[in-house]
1. Is region 2-191 best put as rounded, prolate or oblate by its Cα gyration tensor, with a ≥ b ≥ c the root eigenvalues, rounded for a/c under 1.5, and otherwise prolate when a/b is larger than b/c, oblate when not?
2. Give me the dipole magnitude in Debye, nearest 20, for the chain about the Cα centre, with unit charges on the beta carbon: positive for Lys and Arg, negative for Asp and Glu.
3. Quick check: residue separation of residue 194 and residue 312 times 0.36 nm, minus the Cα distance between them. What number comes out in nm?
4. In terms of solvent-accessible area of protein heavy atoms at a 1.4 angstrom probe, what is the ranking of 136, 151, 27, 174, highest value first?
5. For the pair residue 302 and residue 243, how long in nm is the line joining their label points, each one 7 Å along Cα→Cβ?
6. Quote the relative contact order of the chain in percent (integer), defining contacts as alpha-carbon pairs under 8 Å separated by 6+ residues.
7. At most 14 other Cβ atoms within 10 Å plus a DSSP loop assignment makes a site exposed; report the longest stretch of the chain without any exposed trypsin sites (Lys or Arg not before Pro).
8. Taking GluC sites (Glu not before Pro) that fall in a DSSP loop and have at most 11 other Cβ atoms within 10 Å as cut points, what is the longest piece of the chain between them?
Amino acid sequence: MKLLSYYIIIILFGTACSSEKDDYVPIVPENKKLEFTIPANFPNPSYNVSLNPPTEKGFELGKKLFYDGRLSSDGVISCGFCHIQDFAFTHHTHIVSHGVDGALGTRNAQPLHNLAFMKEFTWDGAARHLDLQPIIPITAEVEMNETFSSIIKKLEEKPEYVQLFAAAFENQKINSENILKALSQFMIMMISSNSKYDKIERNEGSVFTDNEAAGFELFKSKCASCHAGTLFTDQSYRNNGLAVDPLYNDIGRNRVTGLAEDMHKFKVPTLRNVELTFPYMHDGRLKTLDDVLNHYSDGVVDSETLEPLFKNQSGTLGIPMTTEEKQQIIAFLKTLTDDNFLNDDRFSEF
Ligand code: HEC
Ligand code: HEC
C-alpha cells in the first residue's frame, strides 16, 4: 500500500517536483522472490520463511551488510571478518574471535550454514531467533561495539543503501528491523547440502570408501545420539566432558537458564564441514580432529553435569575407541565437507 502511494505521488507530481527539489529520490529497481528450497534429505525449517521471504534485493542487501565494516564502530570488523566462507564461515586460526581494536572474545566463532533449520543460536542458545542473533555481535564491546542508530546514519549517507533498502522492503526504510531481516535473508539461503554424505544419502551415485563406511557405522553408534540426523545436531545442550577453563570459566547454557543442571553445557554443534571449522569446541581449545577423538576416548573429565552416557560401567569415562576406529570416524567426518557451498559465489564477498 505504501509502495503504491509512493508511486502515485511520483505520478501526480511528476518531473515538476523532482526538478524543484534536490533531494535524492532513489530509483527503485525491480525485486524478485528467491526460491528457498529445502534439500530432499533435510527436515522442515524452523525459520518461518513466509514471514521474511527472501528476495533478490533483500539477499543482495543482506550480503552487502554482512561484508560491510560500517556495522562496527571502527569501520573494519564486518560479520565476514569473523565468519570466513572458505572455512564454512568460521574465524580461521582464531581460537576465540577478536573484534574491534583486537578485543578478544571468549568463544570460537561458529560456522554459518543451515541456520534456517536451527531453533536457537550461539553456543549457549542466548539468541532464540535468527533475526535477533546479529544484535549480539553488533552491540558487543569485544565484537563490533556499535549501535543501530549510528549504523543507520552511516547507511543513510550511501545512495546504494538507500536504493537497496527501498527495493528490498515495502516500507523502504533503513531501520534496525530491515537490517536484521536482510541479514537473515542472506543467512537462510546459506544451505550446505551437497557433501559426499548428502549425495550418498540421496542416492545420487556416490559411494563411501571402506574406511568411510566403517566410520559411518561407528559414528552412528558412538556419536549420533547427540550429533543426530542430517543436521548432525539434536540441538540440545550437553556437557561433553571438557575441563573447565580457569581463564574464561564459561558456564555455558546456565548463563541463559540459570539452572544448576545446565552448568557447563553447550549446544551440540553441527559437524557439517567440520574438516574446515578448526579449532574446535566452544573456546577453540582443540586444534585437530585427532585431538577431538582423543578427547572423547581419553580426555573426558567428570563433573556434576557430565553427560551420563560418558560414564562407563567399568568405571572409566568417555567413549572407548581404538586408534583405527578413530581414523575411520575421521574419514567419515571428512565426507561432510561440501565444496559447492564453500565455493558458492552467491555467498562470497567478491
Ligand atoms: C568478532 C567476531 C565476530 C563478528 C564480527 C561476528 N560474529 Fe557471529 N559469531 C561469533 C562468535 C564467537 C559466535 C559464537 C557466539 C557465542 O556462542 O556466544 C558467533 C555466532 C554467530 C551465529 C550463531 C550461529 C549458530 O549456529 O548458532 C550467527 C548466526 C552469527 N554469529 C552471525 C553473525 C552476523 C550476522 C554478524 C554480523 C552482524 C556476526 N555474526 C559478526 C563471532 C563473530
Ligand atoms: C553426549 C553428546 C555428545 C556425543 C555422544 C558426542 N558429542 Fe561431539 N560434541 C558435543 C557437544 C556438547 C559439543 C560442544 C562442546 C563444547 O564446545 O563445549 C561437541 C563438540 C564436538 C566437536 C567440535 C565441533 C566444533 O565445531 O567445534 C566435534 C568435532 C565432535 N563433537 C565430534 C564428535 C564425535 C566424532 C563423536 C563420537 C565419537 C561425538 N562428538 C560424540 C556432544 C556430543
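The values are calculated or read from the model by the stated rules, or taken from the named source; none is laboratory data. What you are looking at is a predicted structure, and each value in this text was computed from that prediction instead of being measured. FYI the Cβ positions are ideal-geometry reconstructions off the backbone, even for glycines, and counts take in every protein chain you see. Accessible surface areas use protein heavy atoms only, side chains included; no ligands, DNA or RNA. Shrake-Rupley method; radii C 1.70, N 1.55, O 1.52, S 1.80 Å.
1. oblate
2. Rounded to the nearest 20 debye, it is 640 debye.
3. Full extension of this stretch gives 38.8 nm more.
4. Most to least solvent-accessible, the answer reads 27, 136, 174, 151.
5. Here the answer is 1.6 nm between the modelled labels.
6. Worked out over the chain, it gives 20 percent.
7. Longest stretch, sites excluded: 33-118.
8. Result for the longest clean stretch: 36-156.
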